[in-house]
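The values are calculated or read from the model by the stated rules, or taken from the named source; none is laboratory data. Every value quoted in this text rests on a predicted model; they were computed, and no experiment measured them. Virtual Cβ from ideal backbone geometry, glycine too; neighbours counted across all protein chains shown. When the accessible area is computed, the model is the full protein with side chains, heavy atoms only, and any ligands, DNA or RNA have been set aside. Shrake-Rupley method; radii C 1.70, N 1.55, O 1.52, S 1.80 Å.
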Amino acid sequence: MTYIPDARPRRRVAAERTNAAPARAASARAASGGILDLERRLAQEKAARAHRQSRLRGLLGRRNESVAAAVAGGVQAAAVAAATGLKITEVKKTAKAFSDSHVPELTREQHIALLAALAEQLRTVIEEKESADRQFRADVVDVLRSGEMDVFRIAALTAITADRLRELTRGTGLRSENFRLGS
């Protein structure tokens, strides 16, 4: 079953029964764009996460092909491992896996320079991904603590399952009440 945002009405019954002031404050926040900004930011994070994953997969593929080409071109596995940060056994496995690859006519130094550049690009993308993941986790925790959205709404906006969101927020002090519908 797929959860579609705005397919069901938000629950406001409990707030209206207990006190009208919190309901008015929530509707004022919604009118000023508070919830819409959060929704927009979470939806943008989904697209950014997909873009980062795509860049990471592409760089990993290029690195693996370059490792295989370097080994096939006569570069020692130890030199390739030093340039890429991989273990020697991983270099050898990658070289065997891509044994059918085209070997460009590059010198040893050119292979090493290419591998070092790819390794630096990979490190940059991985650091960017980790930083964005930490920020995303903080945003999810803030939204759940504020009670403006439930975990299912966040899951629908970010294309992450509710169970995965629960895993992401472990150790943050959120209680199970924060994950209930209409909390």
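Applying the Karplus relation 6.51 cos²θ - 1.76 cosθ + 1.60 with θ = phi - 60° to region 149-158 yields 3J(HN,Hα) values of 9, 9, 5, 6, 5, 5, 4, 5, 6, 9 Hz, where x marks Gly and Pro. Residue by residue, region 37-49 carries 3J(HN,Hα) couplings of 5, 4, 4, 5, 5, 5, 5, 5, 5, 4, 5, 5, 5 Hz when phi is fed to the Karplus relation 6.51 cos²θ - 1.76 cosθ + 1.60 (θ = phi - 60°); x denotes Gly or Pro.
In the context of the full set of protein chains, region 107-161 has a per residue accessible area of 50 Å² (1.4 Å probe).
For the peptides 40-47, 67-74, 137-144, the ranking by mean Cβ contacts within 10 Å, running from highest to lowest, is 67-74, 137-144, 40-47. Rg and Dmax of region 49-183, based on Cα coordinates, read 21.1, 63 Å.
In whole Å, what three semi-axes, largest first, describe the equivalent ellipsoid of region 105-176 built from its Cα gyration tensor (square root of 5 times each eigenvalue)? Provide the component values of the computation, followed by the final result.
Values: eigenvalues 326, 26, 16 Å².
The answer is 40, 11, 9 Å, longest axis first.
Take every pair of alpha-carbon atoms less than 8 Å apart whose residues are at least six positions apart; their mean separation over the length of region 72-111 yields a relative contact order of 53 percent. Across region 68-85, the residues whose backbone nitrogen lies under 16 Å from the label position 7 Å along the beta-carbon direction of residue 109 are 75. In this Cβ point-charge picture (+1 for Lys and Arg, -1 for Asp and Glu), region 45-98 has a dipole of about 220 debye about its Cα centre.
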